[in-house]
1. So, of the residues in segment 90-130 that are closer than 29 Å to Asp171 by Cα and β-branched (Val, Ile, Thr), which turns out to be surrounded by the most Cβ atoms within 10 Å (Cβ to Cβ)?
2. Can you pull out the residues in segment 156-205 that are among the hydrophobic types (A, V, I, L, M, F, W, C), out of contact with any helix residue (DSSP H, G or I) (no Cβ under 8 Å at 6 or more places or on another chain) and assigned to a helix (DSSP H, G or I)?
3. Within segment 102-115, can you find the residues that are under 20 Å from Pro84 (Cα atoms) and at pLDDT below 90?
4. Determine whether Asp78 is within 26 Å of Ile157 (Cβ to Cβ), at pLDDT below 55, over 15 Å from the mean Cα position of the chain (by Cα) and not in a helix (DSSP H, G or I).
5. Select from segment 36-75 the residues that are modelled with pLDDT under 85 and among the small types (Gly, Ala, Ser) and write down the one among them that is farthest from Arg117 (Cα to Cα).
6. Can you tell me which residue among Ala152, Ala137, Ala130 is hydrophobic (A, V, I, L, M, F, W, C) and touching a residue at least 40 places away in the same chain (Cβ under 8 Å)?
7. For residues that are among the aromatic types (Phe, Trp, Tyr) and part of a helix (DSSP H, G or I), tally how many sit in segment 125-147.
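The values are calculated or read from the model by the stated rules, or taken from the named source; none is laboratory data. Keep in mind the model is a prediction, meaning the values are calculated, not measured. All Cβ positions, even for glycine, are placed from backbone atoms using ideal geometry, and neighbour counts span all protein chains on display.
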Amino acid sequence: MRLITLFLFGSVVAMTGCANPGDRDSKSAGVKGYVVVMSYDGEGVKEGVQGVSDSGMQLFGSALLSKKNTGTYDYPADSQRPFPRWVGVTWREGMTANLPDRKTGRYTTGREVGNHRIDVLNRIPEEAFAYAKTHGALRLQFRIKDDGVLFAWDVRISGGGRAYYAMHGGDFPCDPLPHLPHPVCTTGPLEEAQWFNPNWVRGKL
């Protein structure tokens, strides 16, 4: 199942541990973003997949995650949702209920077989945050493997009926789209890509 979770990275920070809230604010305040979660190619179905940030905010959750079972889930934009320093990603097997617990919002049946803490804030360069503030939305991508989680990021820029992605970085490269006549993703600023045409984004840059 592919989950697309939309939210706004706000400047209000939950105090957790001894971390300094200033470093989070200085990088992420005012940056729009969303989360994409999918099962890694060729690997098995994952049950009870959840991603919870260091501040306790649930970024994503799915009773069943696979390449064939897809869905889109909106997440309300809210300035009270701090950008995650890290995300704890868990999944289970042998679940007997597809709905999370009403009180906690967490999956509890079956047995937890995956539990990984993924650093987020300190992996994304300040340049990507700055670019997202003026050009689009920061996309966080999590790909769930049998033995771990891969993480990557980029900035989504919309225009001309299509999305383009810039400042890509992380554990896996840009997805190739062979059916298109030109790439839609680059590791640098979009306007510096050799294949870029400013008419594609209609004045967004």
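1. Here the answer is Ile124.
2. Trp200
3. Thr104, Gly105, Arg106
4. Yes; evaluated as a whole, the condition is true for this residue.
5. Gly71
6. Numbers: Ala152 fails: touching a residue at least 40 places away in the same chain (Cβ under 8 Å); Ala130 fails: touching a residue at least 40 places away in the same chain (Cβ under 8 Å).
Result of the check over Ala152, Ala137, Ala130: Ala137.
7. As a first pass, look at segment 125-147 and keep what is among the aromatic types (Phe, Trp, Tyr): 129, 131, 142.
Narrowing the set further to residues that are part of a helix (DSSP H, G or I) leaves 129, 131.
The total comes to 2.
One line per residue, one yes/no per condition, for (1) of a type in the set (A, V, I, L, M, F, W, C); (2) at pLDDT 90 or above; (3) in contact with a Lys or Arg (Cβ under 6 Å, 6 or more places away or on another chain):
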position	(1), (2), (3)
Arg117	no, yes, no
Asn122	no, yes, no
Ala137	yes, no, yes
Asp146	no, yes, no
Val155	yes, yes, no
Tyr164	no, yes, no
Asp175	no, no, no
Pro178	no, no, no
Pro181	no, no, no
